[in-house]
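J.: Below are the structure tokens for one structure; questions will follow.
The values are calculated or read from the model by the stated rules, or taken from the named source; none is laboratory data. Owing to the predicted nature of the structure, the values given are computational and were not obtained by experimental measurement. Backbone-built Cβ (ideal geometry, glycine too); neighbour counts: all protein chains shown. Accessible surface is based on the protein model in full, side chains and every heavy atom, while ligands, DNA and RNA are left aside. Shrake-Rupley method; radii C 1.70, N 1.55, O 1.52, S 1.80 Å.
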Amino acid sequence: MSSSHYDVIVAGVGAMGSAACWHLAQRGQRVLGLERFDLGHTMGSSHGLTRMMRLAYFEGSHYVPLVKRAHRLWGETGAAAGLKLLHVTGALDLAPEGLGPIESSLQSCRDHGLEHEVLGREAIARRFPAFQLPRSHVGLWQPDGGFLASEKAIYAHVGLAQARGADIHTGEPMLDWQPTADGGVTVRTERGSYSAGRLVITSGAWIADAVPALAPRVRTIRQAIGWFTTRRPELFREGAMPVFTLSVEEGNFYGFPLYEHPGFKLGGPHFGREPIDPRDPDRTPSATQVRLLRECLARYLPDANGEPLTVRGCIYTVSPDEGFIIDAVPGLPQAVFASACSGHGFKFASAIGEILAELSTGARPAFDLSAFSLSRFAA
Ligand SMILES: Cc1cc2nc3c(=O)[nH]c(=O)nc-3n(C[C@H](O)[C@H](O)[C@H](O)COP(=O)(O)OP(=O)(O)OC[C@H]3O[C@@H](n4cnc5c(N)ncnc54)[C@H](O)[C@@H]3O)c2cc1C
């Protein structure tokens, strides 16, 4: 059994936790990162090759300052690690004209001076011939969007943190934690107990175990993603195909250009909520989800409706308003958390890691976090 003291312990080394480890270590903090599984495991929210980066943000204009900061940090972190983490392909939101996603993405561009262009159906067909869209559809094009090499990003954050002295323990879940009389924490694992001045809780779908106040606020759902054989790969390669979101009657889908896999990646339906207990080890997507992916391809991206090469499930937590929760544990300022990134959090991880590092070292974050407070849900 070991017992050691750290400045900060980070519980959960996925997207958010790995970024927090790096930003803390960069600030000279002695850091311990505890991870339940291993890096790159497939039981949480962050595995796989890619996650989308969008700056035009239909989920709300208030996310844009944060995503701009994240965009910049991904570039800097990639440069520091010697890895290409951010691929800028442009991002396209596709939806019926006048419908919520287009209008709110457009508003976020106007509010924050983001370069953008509204494309009619013919213009989309000329520039991106892989799409066969319904007559009603238009596109909002934002050139700075793209995708992140997601697992690579976690490895980059961890590697950089380790190079600054962070200890990262895999296969060692935090079993529980307690506040101490001197304003710090003790954390217990199967291997021992650790003390620290601060605790950062980034345990994804398991977060309510460590922050019971979240239990009534977050639920975990399952998502499907698939990589499909394309008949015309030239239409789907980086440069010809941007990242996109697609709102159609079958649901909300999102896709990526070909990257490190021979198949075209499509995810969704994004708002199809299938609950799952994270302790259930089966991550297989449901037959309904897979059928909807195929239907989406058949109707709107027919040249990518080939053999499914890889079909995976993934889980994430959802808050009541689909927004993030970034806060301190009620009554215990020495423990901060980031949770419920509701299926769109990865792109923010670099900036959220920085915020968690600031919150746990007494620095004032540059962002107004009130939209992400836990207290917004108080009855
Ligand atoms: C299919 C899918 C597609 C997505 N697409 C996008 C996208 O295109 N763009 C985007 O921005 N976002 C996307 N997201 C959302 C994004 O991936 C998540 O918001 C993000 O990965 C959440 O990161 P996290 O660190 O909170 O969770 P995780 O990465 O799951 O990390 C939590 C970690 O904590 C560990 N853990 C749990 N309990 C403990 C414990 N007690 N002690 C120690 N460790 C513990 C877990 O093992 C896990 O590694 C998608 C999500 C899914 C599932």
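J.: Can you give the calculated 222 nm mean residue ellipticity of the chain, where each DSSP H run of n ≥ 4 adds -39,500 (n - 2.57) and the sum is split over every residue, rounded to the nearest 500 deg cm²/dmol?
T.: Calculated mean residue ellipticity at 222 nm is -7500 deg cm²/dmol.
J.: Still on this structure, please answer the following. Between 317, 230, 180, where does the largest GNM mean-square fluctuation fall for the chain, given springs only between Cα atoms within less than 10 Å?
T.: 180
J.: If Lys and Arg each add +1 and Asp and Glu each add -1, what is the summed charge of the other residues whose beta carbon sits under 15 Å from the beta carbon of residue 192?
T.: -2
J.: Quick check: Cα centre of the range 16-71 to Cα centre of the range 143-205, how many Å?
T.: Measuring centre to centre over Cα atoms gives 12 Å.
J.: Using a 1.4 Å probe on the protein chains only, how many percent of the accessible area of the range 301-379 belongs to carbon and sulfur?
T.: The value for the range 301-379 is 52 percent carbon and sulfur by accessible area.
J.: Going Cα to Cα from residue 68, which aspartates and glutamates come in below 19 Å? Please leave out same-chain ones fewer than 8 positions away.
T.: Within the straight-line limit of under 19 Å, residue 68 reaches these aspartates and glutamates: 59, 76, 93, 111, 115, 117, 144, 354, 358, 368.
J.: Rg/Rh for the chain to two decimals, with Rh computed the Kirkwood way over all alpha-carbon pairs.
T.: Using only Cα positions, Rg/Rh for the chain is 0.97.
J.: Let me ask something else. Roughly what % antiparallel, to the nearest 5, for the DSSP beta bridges in the chain?
T.: That works out to approximately 70 percent antiparallel.
J.: Any chance you could look up the accessible area of residue 237 with a 1.4 Å probe, heavy atoms only, rounded to 10 Å²?
T.: 120
J.: Quick one: the Cα spread of the range 268-379 along its three principal axes, in angstroms, biggest first?
T.: 53, 27, 26
J.: Charges at C-beta only: +1 for Lys and Arg, -1 for Asp and Glu. How large is the resulting dipole of the chain about its Cα centre, in Debye rounded to 20?
T.: Roughly 400 debye for the chain.
J.: So, with +1 on the Cβ of K and R and -1 on the Cβ of D and E, and no other charges, what is the size of the charge dipole of the range 224-379 about its Cα centre, to the nearest 20 debye?
T.: Dipole size: approximately 240 debye.
J.: Same structure, new question: Between the helical axis of 150-163 and the dominant principal axis of the chain, each derived from Cα atoms, what acute angle in degrees is found, rounded to the nearest 10?
T.: 30
J.: What percent does the relative contact order of the chain come to when contacts are Cα pairs within less than 8 Å and at least six residues apart?
T.: Rounded, it is 23 percent for the chain.
J.: Put 10, 88 in order of accessible area, largest first, 1.4 Å probe: what do you get?
T.: 88, 10
J.: Next up: Given 155, 230, 138, which one lies farthest toward the positive end of the charge dipole of the range 125-281, if we put +1 on the Cβ of every Lys and Arg and -1 on the Cβ of every Asp and Glu?
T.: Positive-most Cα among the choices belongs to 138.
J.: Can you give the accessible area of residue 190, probe radius 1.4 Å, in Å² rounded to 10?
T.: Rounded to the nearest 10, that gives 150 Å².
J.: Now for a different question. Can you tell me what share of the DSSP beta bridges in the range 163-272 is antiparallel? A percent to the nearest 5 is fine.
T.: Percentage antiparallel, nearest 5: 90.
J.: Rounded to the nearest 10 degrees, what's the angle between the helix 287-300 long axis and the longest principal axis of the chain, both from Cα atoms, 0 to 90?
T.: 40
J.: When all protein chains stay in place, what accessible area (Å², nearest 10, 1.4 Å probe) is found for residue 256?
T.: Roll a 1.4 Å probe over it and residue 256 shows about 10 Å².
J.: Which GluC sites (Glu not before Pro) from the range 300-377 combine a DSSP loop assignment with at most 15 other Cβ atoms within 10 Å?
T.: 322
J.: Would you mind getting the accessible area per residue of the range 11-129, heavy atoms of the protein chains only, 1.4 Å probe, in Å²?
T.: The answer is 39 Å² per residue.
J.: Follow-up question, since we're still on this one. Anyone know which of 40, 14, 145 comes out most mobile in the 10 Å Cα GNM of the chain?
T.: 40
J.: Can you sort 243, 290 by 1.4 Å-probe accessible area, starting with the largest?
T.: Ranking 243, 290 by accessible area, largest first, yields 290, 243.
J.: Given a 1.4 Å probe and every protein chain left where it sits, what share in percent of the accessible area of the range 112-217 is carbon and sulfur?
T.: Looking at the range 112-217 in its full context, I get 48 percent from C and S.
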